[in-house]
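What follows is a set of notes on a single structure, which appears directly below.
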Amino acid sequence: MALAEGGQTQTQQTTQKDSATTKSTAPAKASALPSVESLDLKVDSAILMDAATGQILLNVNGDEALPPASMTKMMSEYIVAEYVKQGKISWDDVVETKKNASLTKGSRIFLAEGDKHTVKELYAAMAIGSANDATVALAEYVAGSEQEFVQLMNDEAQRMGMTTAHFANSTGLDIKDMPEEFRTPGDQETVMSAKDAAILARYIVTDHPDFNEFTSLQTFQFRERDKTPIVNLNWMLEANKNVTNFKKYAYEGLDGLKTGHTQNAGNCFTGTAIRDGRRLISVVMGTATDKARFVETRKVLDYGFDNFETKQIVAPNATVTGSETITVKKAKNTEVPLISSQEVAFVVPKGTDASKVEAKVTMTPESASLKAPLPKGTKVGSVTYSLKPDGMNQTLEKTVDLVTAQDAEKANWFKLFMRAIGDFFSDLFNGIKNLF
C-alpha cells in the first residue's frame, strides 16, 4: 500500500545606456556555465528557481506533472498560514480531531477522535513531521471538510499560475489510501510539476517569510507525554551540521521546505537556501531513495550558488533614451520628465556584461492627450528591458511602468492665454511661410 510521507499607440526600440545604469569599468567576461548534463542528475525532474525574480536557472523535465507525495502539504501550509495572517483563525485556536483525521494513515501523530490541539501544534506536526492526520485536522478546521479544503487548494493553484497542479486531498496520499468514506470521488490523483512546486514554494517564502520558524526546527515535542519528539525529515537543514547522522547532508543556508515520498512518487524534496541575501528554491522529484533526494538537491543548489549572481540592470527611477519627457497640455511646464517605475535585476552567469541590455518602450493610448493637473507617478506607458547573457540560451525580460517623474501643475489663466497667443502667431507665421 502506497502511503504518503507525510492597447498601444507607439512602439520605440532603443539601446539602454548609462541613463539606466552606471558602469565604472569593463566587466569581466562571463565564464562558461557547466552543462546541466554534467551534473548527472538522477531524478525524474528537477527545477532551480531564484526566489526574488522567479527566474528558472535549471530545468530538467520540470514541466511534467508527477505525483508530489507530501510536497502537497506545502499548499496546505500556505492556506493555513494565510488564514492566520488574515485573522480568520489564530495559532492559539483549539482544533478538535474528527473521524477523518483520526482514520488517516501514513506518517502521523496518532490523533484520536476528540483529541484537542492548537492550530500551531498541528501546523508544526505537519510542517516538521509531515503528519497526515494533523494536516487533515487543520483542513477540516479551516474549510469544514477536507473536500472543501481541496477546492481551496485548487483555487489557489490557479491563482498562483500553477499550470499542471491538481490536488485530490490535503496530504498527498493516493486516493486509495484515504479513509474509505472520505475518499475523493473519481480517480484524478494529486499531481504537480517540479516547476509548479517551485512556484508554490516561492509564494510561501515571499508571502510568509517567517515560514522557517517551523521548517528549520530539527525536532518538535508534540505532547509532553511523548517519549520521543518529532524529528524533521529534512536532513539538509544547516542546523544539522553537528548532528552525527545528518551532518554529511547539512547544507549552508538551507532552512526548508518539504520532503515527500510515496511508492508512486518515489522520493521528492523542495528545498530552499539563502546565502548572502540570495534565496534559491530547488525541486527534485522521483529519486530512488530518501538519501538520494538530498544528494541531488545539493547538486542543483550548488549549480545555482556557484555559477549565478543577481545583477542590477536598471537603477531605480532611470530615464530611457529617446523617451525622456512627455508633453502635458495646460501644464506650467509642458515637458514632463519620465522614469521607469522600479529597478530591474536579473540573475545572470557570474561576470555577465550587462551593458547589452535593450529597452522597448510602449506608450498608452491616453499618453497622446494628457492634461494638467497630473500627479507624479502617472503611468504613461511601459518599458520592457531585455538581456541575452553569454552562456544562457534564454533572453531575460522584465516589463516595468513608465511614469511621470514629477507633478504636472496646471498653468494659471494668464499663462495659458499668453501661450495661446504665441501658438496663434506661430501657426500664422508657418502658414504664411508655407505659401512661399
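Backbone amide hydrogens, once placed in the peptide plane, bring R279 within less than 5 Å of A51, A52, excluding anything fewer than 5 places away on its chain.
Selection among V328, I339, T384 by position relative to the dipole of segment 298-416 gives V328 as farthest towards the positive end (Cβ unit charges, Cα centre). Cα gyration tensor of segment 186-303, axes a ≥ b ≥ c as square roots of the eigenvalues: rounded (a/c below 1.5), prolate (a/b > b/c) or oblate? It comes out rounded by the Cα gyration axes. Between the residues V243, S170, N154, the greatest Cα displacement towards the positive end of the dipole of segment 144-268, with unit charges on the Cβ of Lys, Arg, Asp and Glu, is found for V243.
Each Lys and Arg adds +1 at its Cβ and each Asp and Glu adds -1 at its Cβ; summed about the Cα centre, segment 43-94 shows a dipole of about 140 debye. Couplings 3J(HN,Hα) of segment 363-375, computed from phi: 8, 6, x, 5, 5, 7, 9, 6, 10, 7, x, 9, x Hz, in residue order, whole Hz [Karplus 6.51 cos²θ - 1.76 cosθ + 1.60, θ = phi - 60°; x for Gly and Pro].
Given (i) 196; (ii) 133; (iii) 150, which label gives volume of the Cα convex hull per residue in Å³ as computed from the coordinates? Checked against the structure: label (i). Placing unit charges on each Cβ (+1 for Lys and Arg, -1 for Asp and Glu) gives the chain a dipole about its Cα centre, and among T184, S216, P349 the Cα reaching farthest toward its positive end belongs to P349. When you filter the trypsin sites (Lys or Arg not before Pro) in segment 160-238 for DSSP loop state and at most 10 other Cβ atoms inside 10 Å of their Cβ, you are left with R225, K227. Here segment 301-378 is treated with +1 on each Lys and Arg Cβ and -1 on each Asp and Glu Cβ, and its dipole about the Cα centre works out to around 620 debye.
Computed from phi, the 3J(HN,Hα) profile of segment 140-148 under the Karplus parametrisation 6.51, -1.76, 1.60 (θ = phi - 60°) reads 5, 5, 6, 10, x, 8, 5, 5, 5 Hz, with x in place of Gly and Pro. Within the accessible area of the chain, the carbon and sulfur atoms contribute 49%, probe 1.4 Å, all protein chains present. Working from label points 7 Å from Cα in the Cα-to-Cβ sense, the D276 to A32 distance is 2.4 nm. Between amide H atoms placed 1.01 Å from N, distances below 5 Å from E309 occur with V348, K350, all of them 5 or more places distant or on a separate chain.
In sequence order, segment 114-124 has phi-based couplings of x, 4, 10, 8, 6, 4, 5, 5, 5, 5, 4 Hz under the Karplus curve 6.51 cos²θ - 1.76 cosθ + 1.60, θ = phi - 60°, and Gly or Pro positions carry x. Rounded to the nearest 20, the size of the Cβ-charge dipole of the chain about its Cα centre is 1500 debye, with Lys and Arg at +1 and Asp and Glu at -1. Each peptide in 344-350, 127-133, 264-270 was scored by the mean count of other Cβ atoms within 10 Å over its residues; highest first, the order is 127-133, 264-270, 344-350. Can you bin segment 50-109 into rounded, prolate or oblate? Criterion: square roots of the alpha carbon gyration tensor eigenvalues sorted a ≥ b ≥ c, rounded for a/c under 1.5, prolate for a/b above b/c, oblate for the rest. Since a/c reaches 1.5 but b/c is at least a/b, the shape of segment 50-109 is classed as oblate. Protein heavy-atom accessible surface, 1.4 Å probe, per residue over segment 152-310: 44 Å².
The values are calculated or read from the model by the stated rules, or taken from the named source; none is laboratory data. Just so it is clear, the model here is predicted, and its values are computed rather than measured. All Cβ positions, glycine included, derive from the backbone under ideal geometry; neighbour counts span all protein chains shown. Calculation scope for accessible area: heavy atoms of the full protein, side chains included, ligands and nucleic acids excluded. Shrake-Rupley method; radii C 1.70, N 1.55, O 1.52, S 1.80 Å.
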